[in-house]
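Participant: Pasting a structure below so you can have a look.
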Amino acid sequence: MSSRLLIHGASGRMGQALLRLAGEFSQLELAAAIAGRQAPQIEGVPGFNAAQLGELPPFDVCVDFSLPDAFDSILACCVERGAAFVSGTTGLDAAQMARLNAVAEHIPVLWAPNFSLGVAVLADLVRRAAQMLPDWQRDIVESHHIHKLDAPSGTALALGRAALEGGGPEPNYASLRAGDIVGEHLVQFTGTGERIELNHRATNRDIFARGALHCAAVLARRDAGRYAVIELLC
């Protein structure tokens with residue numbers, strides 16, 4: 001039986017990708033889509049604006065890629081409906097992040113800065129390498145397109161946190177901005193006379209939407225709790 005999917009933030013770049021790719025997942029049935037001020041017009045799919053949350057049809061899981069000022073209301077709606085919540089909305093403040101932990105007592109919740117399944121595996125490998133090589137130097141090099149403003153990237157910082165969770169010194173970071181690079185992350189462990197390089201290259205932004213949809217399909221069947229992407233791959 002498929003899970004009913006709600007897409008929140010349907011007018012954004014990620015929202016459009018989610019709508020386009022949702023049909024690839026037989027475990028999901030697109031129930032509705034929400035955009036900010038104007039309801040999206042999607043053939044065969046009910047569309048709503050942000051003021052119409054009370055009119056939504058039943059849904060089992062919500063995928064949210066919106067803005068911080070729309071985050072609280074959709075999260076509260078999911079708690080009220082008992083629906084799973086998957087979010088990649090960035091710029092959340094400390095209170096909003098704390099709210100995720102609080103509602104995880106009632107519904108399954110996943111927030112992540114990056115929904116690439118490969119990056120989730122990379123972070124796990126980095127954590128394990130750091131545990132086994134506590135005295136080695138760690139360097140993280142990230143490359144993105146020329147329009148990306150933040151540096152280091154959120155993914156690079158997440159990989160750095162994974163290294164610190166394994167123990168050992170703080171990583172060094174380097175950022176490159178060139179051309180139309182979607183995203184590349186290199187984590188290097190260096191010892192005396194040897195070096196390990198762990199690499200991930202994204203060549204298509206659809207990987208992030210597919211990763212979020214995979215997580216939604218799995219999370220919809222999980223018990224209440226706070227989850228990470230890597231936990232939904234096992």
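Participant: Can you tell me which residues in the stretch 18-41 are crowded, with 16+ Cβ neighbours inside 10 Å and not in a loop (DSSP other than H, G, I, E, B)?
Facilitator: Across the stretch 18-41, the qualifying residues are Leu18, Leu19, Ala22, Leu28, Leu30, Ala31, Ala32, Ala33, Ile34, Ala35.
Participant: Starting from the stretch 130-143, take each residue that is assigned to a strand (DSSP E or B) and crowded, with 22+ Cβ neighbours inside 10 Å and list its partners that are among the charged types (D, E, K, R) and modelled with pLDDT of 95 or more, counting only C-beta distances under 7 angstrom and pairs at least six apart or across chains.
Facilitator: Here the result reads Glu142/Glu184, each pair linking the stretch 130-143 to a residue that is among the charged types (D, E, K, R) and modelled with pLDDT of 95 or more.
Participant: Still on this structure: How many of the residues making up the stretch 43-79 are among the charged types (D, E, K, R), in a loop (DSSP other than H, G, I, E, B) and either surrounded by 18 or more Cβ atoms within 10 Å (Cβ to Cβ) or in contact (Cβ under 8 Å) with a residue 60 or more places away in the chain (or both)?
Facilitator: Result for the stretch 43-79: 1.
Participant: Looking only at residues that are without any contact (Cβ under 8 Å) to a residue 40 or more places away in the chain and of a type in the set (S, T, N, Q) in the stretch 165-198, which one is farthest from Asn114 (Cα to Cα)?
Facilitator: Thr192
Participant: Looking at the stretch 148-161, is at least one residue modelled with pLDDT of 95 or more and assigned to a loop (DSSP other than H, G, I, E, B)?
Facilitator: no
Participant: Does Ala228 count as in contact with a helix residue (DSSP H, G or I) (Cβ under 9 Å, 6 or more places away or on another chain), under 30 Å from Arg99 (Cβ atoms), among the small types (Gly, Ala, Ser) and exposed (fewer than 15 other Cβ atoms within 10 Å of the Cβ)?
Facilitator: Yes; evaluated as a whole, the condition is true for this residue.
Participant: Something else about it: With respect to Glu105, determine if the residue is over 18 Å from the mean Cα position of the chain (by Cα), outside any helix (DSSP H, G or I) and assigned by TED's automatic domain parsing to the domain that holds Asp223.
Facilitator: Yes: the conditions hold for Glu105.
Participant: Tell me, which residue of the stretch 180-225 that is of a type in the set (D, E, K, R) and loosely packed, with under 13 Cβ neighbours inside 10 Å is farthest from Ser26 (Cα to Cα)?
Facilitator: If we take residues in the stretch 180-225 being of a type in the set (D, E, K, R) and loosely packed, with under 13 Cβ neighbours inside 10 Å, then Glu194 is farthest from Ser26 (Cα to Cα).
The values are calculated or read from the model by the stated rules, or taken from the named source; none is laboratory data. Every value quoted in this text rests on a predicted model; they were computed, and no experiment measured them. Note that each Cβ is placed from the backbone with ideal geometry, even for glycine, and that neighbours are counted across all protein chains shown.
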